[in-house]
Amino acid sequence: MKCSALPAGSRPQALATHTSMQAPLLLRSLAPSVPKLAQPAGTPLVHSSLPCYRKSRSCSHLASASSTAPGSTTMKPQPLLTNFIQSKEEYDALYARSIADPASFWGDVAEQFHWEKKWDPDHHSFNFDVTKGPINVEWFKGGFTNICYNALDRHVMTGHGNQHCMLFEGNEPGSDGAMTYTQVLDEVCRLANWMKAQGIGKGDCVAIYMPMVMQLPIAMLACARIGAVHSVVFGGFSADALAGRMEDCKARVLLTCNGGMRATKKIELKQIADQAIEMCASRGHTVDSVLVFANHKDGVAGAEAAGTPFTQGRDAWWQPTLAEFPALCDVAWVPAEHPLFLLYTSGSTGKPKGVLHTTGGYMVYAATTTKHAFQLQPGDVFWCTADCGWITGHSYLAYGPLLNRAVSVVFEGVPTHPTPARSWEIIDKYQVKQFYTAPTALRSLMRSGDEWLSSTSRQSLQVLGTVGEPINPEAWHWFHDLVGNGRCPVVDTWWQTETGGHMILPLPRAWPAKPGSATLPFFGVEPVILDDKGVELQGECEGLLMMRRPWPSTLRSVYGDHKRYEENYFGPYPGYYFTGDGARRDKDGYYWITGRVDDVINVSGHRIGTAEVESAIAAHHDCAEAAVAGYEHPVKGQGIYAFVVLKEGVVPNDQLKKEMWTNVRTTIGAFAAPDVIHWAPGLPKTRSGKIMRRVLRKIAGGQENELGDTSTLADPSIVRQLIETRN
Ligand code: WTA
């Protein structure tokens, strides 16, 4: 293909003739307040006849596509936040601007991305006050873009197609691989074409259930490319949990994998997926198509030989199937508020919530926080150890690094296999510059002993990050002093599935850290601390952590239940987004997260609702009642402590414990299995029948001297009995 046919500054034909102008008529994006995901399944997309990415892939001189985007002006404003923040003074000035005029601030940041059509001047609006009407958040109204285009095509078109995009490190040392941006784009396009052939189009939900292989981010990007909505289900979830999530979002297509190894344990994902599909079918929901990635050194033949179950007509093997589909696929330009993904997370009630994120705001915020939190430059090798089944993997393994043209490390294994030196060896092997992990992993490695660090230099490291739970100062110092040899700032990032990106964090080298504090809010984030009566506290204080205004990647809804979204996050204190966390603000204005104030437990950085575990235990026929509390755990941060009241006449025994434990594993997943099951004579309840959870938390944590007032209990003697029966 000859590049010279295209004048400099023009876009390849496929882009130029694309559907953007028809798109407003074709699409049903999110209405400001009510989510409408689905365009009817199977509605064909409009495609231009001649996809021409090939041209662009070999034409590095082509100007970036944004230069001719319809609606863009010839004189572009200077993009904001292109350079790293050097000082607190610089931060203060920019932060003040982000609060004073968020629309222009984020508009200027968004200039760094490709928009097929630019947003309107008044692109931002919101309502956080339930008493004033429906909750809604809108950013970049009028704009059309595509996050996959920004994460892949943009870099390929500017001549970086041969740069590595992902580096894969398998479970066993020596099993590894790599893909360039061009290779990833090819596979994304093939998969996108396969999905279109299954009738998947804009707004359709696609479920993804895979281990940490490069095909997992590829699957996410392929959905985004065609405007489909991905719902990644963590590979540690059980069949029950997967089924519930597929049913909830009506996923007709599942992207999965035969299985994988985690340390010495074989994970049979396809078997679990099959069980889940059967469960869906028995409840009236059909999964039509299943694409199975053969994660085996001998490919499909090896996976088949290993006995992977396969249903003819419904299942197809990823590798041979995609080889039949073209490696070119047009981009679906979508409105900024078009749904990008659902991610189910635990809340105070039993059923997990499908947190909904949309395209434009999420893209701008995930990319910008990645860049500034980690001082990330294009081409940097960035390693986030999170699984794409959680929000951290979405924002900081897949989208954030790729939007910044970094090289993202995808690790299938665990940090202790085959030895606790594995992480440090990977850092040296790939010359990782930024390493982002969870405090629980650090605590477990710290316990294994410092000697595991000695065979590695970790000289490539420049920034270290933590996420998911408070980091205790001991682990912070170990990370900073030993892992980073005292050279690298530690960035303690506080945020949530719901926030889509970092909210409170120290920008590296811009202001002093305090071990254990996430320090200051990111641009556009306005935290507020309230007392329990809803009064705003000023200066040094401690209370409930709220947000006064939206940031670009605010969750837009709970899928299929906007009311729950409004009640859960905005109902408790009208006018604010309620984080569910407590926080303290010190004299320097630094924030210290004190932990969840609702019924969510944080086990090894995984959010688990007490109600979910309780209902799994209570499903056992011998259980009369169960109540679950978190307690401090030296490695996992929090452990799960279950108080179980057995039915009259049932004699407690170890077999019963095992069965209840198994119930949790099969309903949720092994990671949610209780650490302790306490046969309780009864539960501490108020006269109105409400369980006094504060008392349970204290008993679980061995803090019986801090029980507080128990006089409102219907039967106060139960407290003593519980303490006596604890083992
Ligand atoms: C907790 C994970 C203290 C917090 C990105 C939050 C933290 C919940 C931190 C969200 C941190 C996350 N310090 N606590 N740096 N980061 N948390 O949705 O309780 O899985 O509400 O998102 O984790 O967990 P989620």
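The values are calculated or read from the model by the stated rules, or taken from the named source; none is laboratory data. What you see is a predicted model, and the numbers here were worked out from it, not measured in a lab. Here the Cβ is made from the backbone with ideal geometry for all residues, glycine too, and neighbour counts use every protein chain on show. Side chains included, ligands, DNA and RNA excluded: accessible areas come from the protein's heavy atoms. Shrake-Rupley method; radii C 1.70, N 1.55, O 1.52, S 1.80 Å.
Looking only at segment 444-468, count how many residues are surrounded by fewer than 22 Cβ atoms within 10 Å (Cβ to Cβ) and under 22 Å from R596 (Cβ atoms). The number of residues fulfilling the criteria is 1. If the condition is being open to solvent by less than 30 Å² (accessible area, probe 1.4 Å) and not in a helix (DSSP H, G or I), then segment 612-627 contributes H620, C623, A626, A627.
There is no residue in segment 279-297 that is in the same structural domain as A192 (by the TED database), out of contact with any Gly (no Cβ under 8 Å at 6 or more places or on another chain) and under 19 Å from G393 (Cα atoms).
Could we say that Y430 is of a type in the set (F, W, Y), more than 16 Å from the ligand (Cβ to nearest atom) and open to solvent by less than 40 Å² (accessible area, probe 1.4 Å) here? Taking the combined requirement at face value, the residue satisfies it. Within segment 528-563, the set of residues being open to solvent by less than 10 Å² (accessible area, probe 1.4 Å) and either outside any loop (DSSP other than H, G, I, E, B) or not assigned by the TED database to the domain that holds E498 (or both) comprises V528, I529, L530, L545, M546, M547, S557, V558. Among residues belonging to segment 478-497 that are near the ligand (Cβ under 9 Å from one of its atoms) and among the polar types (S, T, N, Q), point out the one that is farthest from A518 (Cα to Cα). Within segment 478-497, the match that is farthest from A518 (Cα to Cα) is T497.
Those residues that are among the hydrophobic types (A, V, I, L, M, F, W, C) and open to solvent by less than 40 Å² (accessible area, probe 1.4 Å), I need them from segment 278-321; list them, please.
C280, V287, V290, L291, V292, F293, A294, V300, A303, A316, W317, W318
Pairs linking a residue in segment 642-666 that is closer than 18 Å to A629 by Cα to a residue that is part of a loop (DSSP other than H, G, I, E, B) and open to solvent by 60 Å² or more (accessible area, probe 1.4 Å), with Cβ atoms under 8 Å and 6 or more positions apart or on different chains, are V645/P681; L646/P652; N663/A619. Would you point out the residue of segment 396-415, among those that are out of contact with any Ser or Thr (no Cβ under 7 Å at 6 or more places or on another chain) and either β-branched (V, I, T) or within 12 Å of the ligand (Cβ to nearest atom) (or both), that is most open to solvent (accessible area, probe 1.4 Å)? Checked segment 396-415; the qualifying residue most open to solvent (accessible area, probe 1.4 Å) is V414. When you go through (1) closer than 24 Å to G468 by Cβ; (2) acidic (D, E); (3) in a helix (DSSP H, G or I) one by one for E566, which number turns out not to apply? Result: E566 passes all but (1).
Of the candidates H417, H394, the single residue that is more than 15 Å from the chain's Cα centre (by Cα) and either outside any loop (DSSP other than H, G, I, E, B) or under 19 Å from G170 (Cα atoms) (or both) is H417. Select from segment 460-470 the residues that are more than 11 Å from T437 (Cα to Cα) and not polar (S, T, N, Q) and write down the one among them that is farthest from the ligand (Cβ to nearest atom). Here the answer is L461. The set of residues from segment 499-518 being within 15 Å of T369 (Cα to Cα) and within 16 Å of the ligand (Cβ to nearest atom) comprises T499, G500, G501, H502, M503, I504, L505, P506, L507, P508, A518.
Can you say whether D586 is open to solvent by 40 Å² or more (accessible area, probe 1.4 Å), within 16 Å of the ligand (Cβ to nearest atom), acidic (D, E) and touching a residue at least 24 places away in the same chain (Cβ under 8 Å), as far as the supplied structure shows? Here the answer is no, as D586 does not meet what is asked. Strands (runs of 3 or more DSSP E) fully within segment 108-180 that include at least 1 residues being under 30 Å from Y569 (Cβ atoms) and open to solvent by 30 Å² or more (accessible area, probe 1.4 Å): 125-127. Close contacts from segment 489-518, counting a first residue that is without any contact (Cβ under 8 Å) to a residue 24 or more places away in the chain and a second that is more than 8 Å from the ligand (Cβ to nearest atom) and open to solvent by less than 10 Å² (accessible area, probe 1.4 Å), with Cβ to Cβ under 6 Å and a gap of 6+ residues or different chains, come to P506/V491; P506/T519. Being surrounded by fewer than 20 Cβ atoms within 10 Å (Cβ to Cβ), more than 28 Å from F578 (Cβ to Cβ), acidic (D, E) and not assigned by the TED database to the domain that holds P527 is a description that does not apply to E632. Restricted to segment 592-611, and to residues there that are open to solvent by 20 Å² or more (accessible area, probe 1.4 Å) and either farther than 28 Å from E540 by Cβ or in contact with a Cys (Cβ under 6 Å, 6 or more places away or on another chain) (or both), the residue that is farthest from the ligand (Cβ to nearest atom) is A611.
Residues in segment 199-232 that are buried (at least 24 other Cβ atoms within 10 Å of the Cβ), part of a loop (DSSP other than H, G, I, E, B) and among the β-branched types (V, I, T): I200, I226. Annotation for segment 562-582: at least one member residue is within 12 Å of the ligand (Cβ to nearest atom) and over 20 Å from the mean Cα position of the chain (by Cα). Applying the criterion of being at pLDDT 95 or above, hydroxyl-bearing (S, T, Y) and more than 18 Å from W139 (Cα to Cα) to the residues of segment 340-380, the residue that is farthest from the ligand (Cβ to nearest atom) is T370. Kindly list, by first and then second residue, each pair from a residue in segment 145-161 that is touching a residue at least 12 places away in the same chain (Cβ under 8 Å) to a residue that is among the basic types (K, R) and part of a helix (DSSP H, G or I), limited to pairs with Cβ atoms under 8 Å and residues at least 6 apart or on different chains. Qualifying pairs under 8 Å: N146/R225; C148/R225; Y149/R225; V156/R57; M157/R57; G161/R57.
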